1. For Glu274, work out the one condition from (1) more than 18 Å from Asn205 (Cβ to Cβ); (2) buried (at least 22 other Cβ atoms within 10 Å of the Cβ) it doesn't fulfil.
2. Step by step: first the residues of the range 614-630, then only those that are in contact with a Pro (Cβ under 7 Å, 6 or more places away or on another chain) and of a type in the set (A, V, I, L, M), then the one that is farthest from Ser780 (Cα to Cα). Which residue is that?
3. If a residue must be among the small types (Gly, Ala, Ser), under 27 Å from Tyr652 (Cβ atoms) and more than 18 Å from the chain's Cα centre (by Cα), how many such residues does the range 249-280 contain?
4. I need a count of the residues in the range 675-689 that are within 19 Å of Gln732 (Cα to Cα) and not in a helix (DSSP H, G or I).
5. Which pairs have Cβ atoms under 7 Å, sit 6 or more apart or on different chains, and link a residue in the range 612-630 that is small (Gly, Ala, Ser) to one that is in a helix (DSSP H, G or I)?
6. Given the residues Thr370, Thr402, which is the only one that is within 16 Å of the ligand (Cβ to nearest atom), farther than 24 Å from Met496 by Cβ and polar (S, T, N, Q)?
7. Of everything in the range 306-333 that's within 15 Å of the ligand (Cβ to nearest atom) and among the small types (Gly, Ala, Ser), which residue is farthest from Ala217 (Cα to Cα)?
Amino acid sequence: MKDAAPQTVYLEDYTPFGFTVEKVDLTFRLAPSATRVRSKIRFAPKPDAPGRRFFLHGEDLKPISTRIDGTEITPRHVEGGIELNAPDTPFTFEAEVEIDPAANTALEGLYMSGGMYCTQCEAEGFRKITWYPDRPDVMAPFSVRIEGDMPVMLSNGNPGASGPGFAEWHDPWPKPAYLFALVAGDLRNHPDSFTTMSGKTVDLNIWVRPGDEGKCAFGMEALKKSMAWDEKVYGREYDLDVFNIVAVDDFNMGAMENKGLNIFNSSCVLASPETSTDANFERIEAIIAHEYFHNWTGNRITCRDWFQLCLKEGLTVFRDAEFTADMRSAPVKRIEDVIALRARQFREDNGPLAHPVRPQSFVEINNFYTATVYEKGAELIGMLKTLVGDDAYARALDLYFTRHDGDAATIEDWLKVFEDATGRDLTQFKRWYDEAGTPRLSWSEAFEDGTYTLTFRQHTPPTPGQPDKAPRVIPIAVGLLNPNGDEVQPTTVLEMTEPEQSFTFDGLSAKPVPSILRDFSAPVILETRTDTATRAFLLAHDTDPFNRWQAGRDLALDCLLAMIRDGAAPDTAYLDALHTLIRDDTQDPAFRALALGLPSQDELAQLLHDHGHTPDPQAIWEALETLKQARAEAFHDTATRLHAQYQVEAPYAPDAAQSAARSLANAAMAMLTQLDGGALAQKQFDSADNMTRQLAALSALISAGRGDEATRRFYDQWKHDRLVIDKWFSVQIANATPDTAADTAKALTRHPDFTIRNPNRFRATLGALTMNPAGFHHASGKGYALLADHLIALDPLNPQTTARMCTAFETWRRYDSDRQALIEAELHRILATPGLSGDTTEMITRILG
Ligand SMILES: [Zn+2]
C-alpha cells in the first residue's frame with residue numbers, strides 16, 4: 001500500500017479531459033495473485049480542449065507493455081499515473097498490466113472475497129485495474145472478455161459469446177469507469193424475469209455463494225417492485241437485456257450500482273425469516289430499490305466530478321424514500337428517516353466534520369460518502385418538491401431526463417432544469433448546497449381580532465471555513481388547530497426567505513394551537529420549545545403524524561433533561577400522555593412503537609451541549625434506565641395486554657402490517673423485562689421461530705443481565721451463518737452496561753470468529769461499541785483505547801473503513817476536559833502511526849480541527 005502525499009482537490013479547479021473515449025475493450029486473464037489486464041482504448045482529441053495533457057490514472061499496477069497505434073512506447077510515470085505524448089488525431093492506446101487481487105485488502109479495484117473475484121470502482125478504484133482517465137465525466141461503451149476457470153464470469157451490460165474458460169460482455173451505454181464491474185466465482189443464481197412497460201423481457205438474476213440460494217426470494221421481489229415503481233412514478237424503463245445482482249461478503253459499503261451488475265454487501269440482499277429481522281427486510285428492500293433507481297439517476301445521468309456526488313445520491317435517496325413510503329407506511333418511513341437524519345447528519349453538521357452538501361474541496365473523496373451528501377442531499381430534493389409542488393416537480397424531472405440523458409451533470413444543471421420548468425429563481429435555494437450547518441428556527445405568535453400571526457427567525461451557526469451565513473429559503477409547513485382539537489387551517493407551506501418573517505391567518509374565532517414544520521418540511525432545528533400542555537395536546541390531536549410523534553418525542557426530551565440536569569423524577573404528564581396513546585387500539589401499532597422509542601444517548605448529549613451543559617454519558621444512561629423503569633411500572637397492565645394481543649399468528653411475512661405488530665409486541669416485552677427480570681423474554685427466546693422475535697428476546701435478556709445461556713445457545717444455533725453471527729457480536733456489545741461494554745467488545749475481538757479483514761464483522765464489534773455511548777465514553781478511556789488500537793491495526797489493510805469509523809470521535813469537544821484529553825491523546829496516537837493512510841490522516845486532522 002503506498003500513499004502519495006495527501007493533496008487537496010478544489011471544485012473551482014475543474015477542467016475537462018482533453019480527449020473523448022470512443023470505445024474501451026478489456027481482457028482479463030484471471031489469476032488470484034497475477035491477473036493480467038489488457039486494454040485497448042480508442043481516444044480522440046477534443047478540438048477545443050485547452051492544454052490537452054494526456055494523463056491516465058493508475059495505482060499499484062505492474063506495467064507489462066504500452067502501445068500507441070501498435071507501436072511500443074515508454075510512458076512517463078508521474079504521481080498517480082502515466083503521462084505521454086498523444087497524437088493530434090484519433091488513436092488507439094493499448095496496455096497490459098498485472099495486478100494482485102489476492103493481496104488487495106482495501107477492497108477497492110479488483111479483489112478476492114471468499115474465493116471469488118469482485119470489484120468496487122466507485123469512487124476511484126478503476127485506476128487500480130488499469131491505466132485510464134478515471135474520472136466520472138469520461139463516459140464510454142465497454143466490451144469485456146474474461147478468461148479464467150471460474151464457473152460464472154460476469155461484467156456490465158449484455159452477455160456476448162461464452163464457452164469453457166471465457167465469457168464476453170458488452171455494455172452499449174456509455175459509462176464512467178466507476179460503474180465498471182467484474183465478478184467471477186462459483187456462484188448459484190436465483191433467476192426471474194421482468195417485462196418492461198414497452199414489452200421487453202429482462203432476465204433478472206441474484207447470484208450468491210452455494211448455500212445462500214434460499215435467501216434470495218425477497219430481494220428478487222423487491223427488485224421487480226422497484227422496476228415497476230420507477231416506470232409508474234418516474235416513467236423510467238430499464239435499458240438492458242439482463243440485470244444481475246451479486247452478493248459479496250467482504251464489501252466496504254452497502255451496495256454498488258454498477259451498470260447492469262449491481263454488487264451488494266451480502267448483508268444488504270440476503271434474507272430469510274429465520275435469519276433476518278423485520279428491519280433487515282425493510283432495509284434490503286430500500287437498498288435494492290436505491291441501487292436500481294441509480295440506473296437513471298446516476299448511471300444514465302452521472303456526475304461531472306465527485307463534488308457533484310449529491311446530484312446522484314441525494315436524488316436517489318429521495319427516490320428510494322418515496323418508494324418505501326409507497327410500499328409501506330409513509331408516516332412511519334418519514335419518522336424513521338428524521339430519527340436517522342438527526343442522529344447522523346445533524347451530529348455531523350454540528351461538529352468538526354461539517355461540510356456543505358456539495359463540498360468545495362476534499363483530500364480523499366471516499367471520506368465524503370457522508371450523511372450530509374446522502375441524507376441532507378435527499379432533504380434538499382424534498383424541499384424543492386415542496387416549494388414547486390408535485391406537478392412542477394414531475395415536469396422538472398422529465399426535463400432533467402430529456403435534457404441530460406448521457407451527460408455528466410452538475411448541481412447547476414439540476415437547478416437550471418427546475419428554473420426552466422417552473423420559472424422560479426433558485427439562487428437563494430442554492431445556498432443549501434453550498435453552505436454547511438443546520439439552520440436554527442425560532443418562532444413567536446400573536447393573536448388579535450381573529451388574526452393569528454406567526455413570526456419566524458432563522459440563523460445558522462458557523463461551520464469550519466464558513467463563519468457567516470446568509471438566510472436560506474425554508475419551506476415551513478404549518479397547520480392550525482382550535483382549542484377543542486379540530487383543525488382550522490389544514491397544512492399550508494409558508495416560504496421563509498428573510499432572517500425574520502411574519503405570516504398571518506385571518507378569520508379565526510379563537511387563538512389556535514400551531515403545528516409547525518409538519519412532516520419535517522425542512523432539515524432545521526426548531527429552537528422554540530412549547531409547554532408540556534401544548535405538547536400533550538398535539539400528541540393527542542395533531543392531524544400530521546410526524547408532528548404528533550414529534551410532540552411525544554419533545555415530551556420525552558423535556559422529561560429526560562429535567563431528570564439529568566435537576567435530578568427530577570420522571571414527568572407524570574409525559575407518562576400519562578404516552579399511556580393514552582399506546583393503549584388506543586385505533587392507532588397504528590407501528591406509530592405506537594415509534595412513540596415508545598426514547599431519544600438516543602447521543603441526541604441527549606447534543607441537546608445538553610446546545611443548552612450549555614457538559615453531557616455526562618453515565619448520567620444520561622442512568623436517566624434513560626430510570627425512565628424505562630418508571631414507564632414499565634406505569635404501563636404494566638397495558639404492556640402485558642399489548643404483548644399478548646400483537647403476537648402474529650399468521651405465517652411470517654416481512655410486510656408493513658406484520659412488522660408493525662411485532663415491533664409493538666417487542667416494545668411491550670422490553671418494558672415487561674424491566675419488571676420480571678427476563679422471564680417473558682426467556683419464554684419468547686425459547687419459542688421464537690423468526691429472527692425478529694429471537695433477537696428482541698436475546699437483547700432483552702442481555703439487558704436484564706441474564707443472557708449468558710441464551711447467548712451460548714444462539715451461537716450454537718447460528719455459528720454456520722456469518723450474517724447472523726454479526727448480529728451475535730453486536731447484540732452483546734450494544735446491550736452491555738457502561739462498565740462492561742468495552743470489556744465485552746475486547747473479549748469478542750479475541751473470539752475465533754472475529755476478523756479485522758471483514759468490514760461487516762469489524763462494524764459488528766468495534767462499530768457496535770461506538771453505538772453504546774455510555775460504554776464507549778467510559779471515564780476510564782478503555783473504550784477509546786480499544787477503538788484506536790483497532791483503527792491503527794486496520795488502516796494498513798483497509799483505509800476506507802478505518803477512516804469512516806473515525807467519526808466515532810467527531811463529538812469529542814462536547815465532553816468534559818478529562819474525556820477530551822483522553823480522546824485527543826488517542827487521536828494523536830493514531831496520527832503518529834508510521835505510514836498512516838491519506839484517508840485516515842484527513843479524517844483525524846479534520847476532527848482535531
Ligand atoms: Zn447511491
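The values are calculated or read from the model by the stated rules, or taken from the named source; none is laboratory data. Being a predicted model, the structure only gives us computed values, none of them experimental. With ideal geometry, Cβ positions are generated from the backbone for all residues, glycine too; neighbour counts draw on all protein chains shown. Areas reflect the complete protein model, heavy atoms only, side chains present, ligands, DNA and RNA absent. Shrake-Rupley method; radii C 1.70, N 1.55, O 1.52, S 1.80 Å.
1. Tallying (1) more than 18 Å from Asn205 (Cβ to Cβ); (2) buried (at least 22 other Cβ atoms within 10 Å of the Cβ), Glu274 fails exactly one: (2).
2. Top of the filtered list is Ala630.
3. To start, the set of residues in the range 249-280 that are among the small types (Gly, Ala, Ser) comprises 254-255, 260, 266-267, 271-272, 276, 279.
Still in the list and also under 27 Å from Tyr652 (Cβ atoms): 254-255, 266-267, 271-272, 276, 279.
In the following step, the residues that additionally are more than 18 Å from the chain's Cα centre (by Cα) were identified as 271-272, 276.
So the answer is 3.
4. Selection size over the range 675-689: 3.
5. Ala619/Ile564; Ala623/Leu560; Ala623/Met563; Ala623/Ile564; Ala630/Leu575
6. On the way: Thr402 fails: within 16 Å of the ligand (Cβ to nearest atom).
When all the criteria are applied, what remains is Thr370.
7. Kept after step one, since they are within 15 Å of the ligand (Cβ to nearest atom), are these residues of the range 306-333: 306, 308-324.
If we keep only those that are among the small types (Gly, Ala, Ser) too, we end up with 314, 321.
On the way: Gly314: 28, Ala321: 22 Å.
Looking at residues that are within 15 Å of the ligand (Cβ to nearest atom) and among the small types (Gly, Ala, Ser), I get Gly314.
Table: residues versus (1) crowded, with 20+ Cβ neighbours inside 10 Å; (2) in contact with a Phe, Trp or Tyr (Cβ under 8 Å, 6 or more places away or on another chain); (3) free of Cβ contacts under 8 Å to residues at least 24 places away in the same chain.
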| residue | (1), (2), (3) |
| --- | --- |
| Arg403 | no, no, yes |
| Ala409 | yes, no, no |
| Thr427 | no, no, yes |
| Trp432 | yes, no, no |
| Pro462 | no, no, no |
| Asp468 | no, no, yes |
| Leu480 | yes, yes, no |
